[in-house]
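Presented below is the structure to which this report refers.
Each value in this text was obtained by applying a stated rule to the coordinates, not by laboratory testing. On a predicted model such as this, the values are computed, not experimentally measured, just so you know. Heads up, the Cβs are rebuilt from the backbone with ideal geometry, glycines too, and the neighbour counts pull from every protein chain shown.
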Amino acid sequence: MSEAIADAAKKEFSGVVGFHGCYCLDIAMGYRVSKALMREMGDDMKNMKDVYAYVGAPTCAVDAIQKMTGCTLGKRNLVLTNTGKSVFMMQNAKTGKAVRAYCHYWDHFDHVQLREQRKVAYAPSATPEQKAAFSALLDSQVQEILVADEAALFKLGFVTLVPSPRSSKYVSEACGVCGEFAKADLLQDKDGKKLCAECVSASA
Ligand SMILES: [Zn+2]
Ligand SMILES: [Zn+2]
C-alpha cells in the first residue's frame, strides 16, 4: 500500500469514526466489511436506487455500512434482518448481484482484556497511566483489524437473495385506542379493534 493511499484510508476511516461517534473495534470491522462488499459489487454499486444493504444485527458496524455505502435506515435501503449474526450483505435488486460477508473474527475473539482495562480506565480512581494503557490497547486492536487480511476477518461470497421489499406506499390508519396514526399494515387486531404496537404492549 503506498503512503498516499494509506493516508486516504486513514482519512476515510476517521470520517466513519466521526459519523459513528466512537472509536471501537466494531466500527473498524464495519469499515473493512464495507470496503470489501463495495469492491465486490463493483459497477453494481453505481445506481444507488437499486442498491440495498442487509445487516444481521444492530451493531456499531452498521454505522460504517451506512456512512460508506450510503444505504441508510431513512432511505429504506438498509434492512435489518435481525438474525443476530455478524452478517452484512449488499444487493443490487435490479441485476440480482449480491455479496455476503460473515465476520468470523469475533467467533474466537477474546474481549476480556479490553473490557477489564476499560473498566479500570473509566473508574473514578483511574490514573492517567491506566487511561493511557486502555487507549493504547484499544488502538492496537483497532489497527490490527484495519490491516488484517480480509480472510482473517470475514468470509466473502456471492449469494442469491429474494428481491428486496420495495418500500410500499405508506398508508396510515388511526389506532382504535389512542387515535394516533400508524402504518396500516403494522396495526394489530385486538378484540375487534385495530391497535398500534404501543397500545398493544400497554394492554398486554
Ligand atoms: Zn462503536
Ligand atoms: Zn394506539
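Data table
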{"item": "Cross-chain or 6+ apart pairs with Cβ under 7 Å, segment 123-147 first and over 17 Å from C22 (Cα atoms), then part of a helix (DSSP H, G or I) and of a type in the set (A, V, I, L, M)", "result": "A126/V120; Q130/V120; Q130/A121"}
{"item": "Residues within segment 25-45 that are buried (at least 20 other Cβ atoms within 10 Å of the Cβ), of a type outside the set (D, E) and under 15 Å from T59 (Cβ atoms), tallied", "result": "8"}
